[in-house]
1. Using Cβ counts within 10 Å as a stand-in for footprinting exposure, how do F23, F33 rank, fewest first?
2. Helix-only mean residue ellipticity at 222 nm, the chain, DSSP H runs n ≥ 4 weighted -39,500 (n - 2.57), per residue, nearest 500. What is it?
3. Report the local net charge at G22: Lys and Arg +1, Asp and Glu -1, summed over other residues whose C-beta lies under 9 Å from its C-beta.
4. Assuming R0 = 22 Å, can you tell me the calculated FRET efficiency for the pair R99 and N44, based on Cβ-Cβ distance, to the nearest 0.05?
5. How high is the relative contact order of the chain, in percent, with contacts defined as C-alpha pairs under 8 Å that are six or more residues apart?
6. Sort all Cα-Cα distances of the chain into consecutive 5 angstrom bins from zero, then give the percent of pairs in each bin up to the one containing the longest distance.
7. Leaving out same-chain residues fewer than 8 places away, which aspartates and glutamates sit with a Cα under 16 Å from that of K83?
8. Which order do the peptides 68-80, 129-141 take when ranked by the mean count of other beta-carbon atoms within 10 Å per residue, highest first?
Amino acid sequence: MPSSLPMAFFDGAEQNNICGYGFHIVTDEDSSFSIHWNGGRGSNMMAEAMALTGLLSFCLFLDLHDVSIHGDSQVLVNYVAGKNTISKAHLAGWLDRIRFLWTSLNGGSIKYIHRELNQEADRLSKKGLHDDPVLWHLQVSSHGKYFFIHDFFAPYF
């Protein structure tokens, strides 16, 4: 597992055209944030893009600019890193938003990791498949215990 803190992991899941999203942010050795939500209908690539959009937005909200981001979508990670392009018309607006948010972070790194190293984000995205589509589910933990669990209306990206 990567070791520089803060670090974050994202994943999207798609099942029967329903998308679930999740991300996990570890801010220090003892504290983390986990968020999952349902995004309604879409493709697996849309789910990955939305999970990354949510993660980048939340990093900006937390004022985390030097974060090490990890995901198991090699195509999307390489896109953000400037190593490839993605030509999917239905994703154009989301890809522009990701590029804007990534630039706004003004630092940090993004890396591809294998699925087995992304298990928490994968678990969260699959949990999101069964969520109410209008709510984000936030869990904050410290020293291995959840001390804040809250549902809130999904923000507009």
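1. F33, F23
2. One gets -9500 deg cm²/dmol as the mean residue ellipticity at 222 nm.
3. Net charge in that neighbourhood comes out at 0.
4. 0.60
5. 33
6. 2, 10, 20, 25, 23, 14, 5, 1, 0
7. D72, D96
8. 68-80, 129-141
Computed from the coordinates by the stated procedures, all read-outs in this text should not be read as laboratory data. Computed from a prediction, not measured in an experiment: that's the story for all the values here. So basically every Cβ, Gly included, is an ideal-geometry build from the backbone, and we count neighbours across all protein chains shown.
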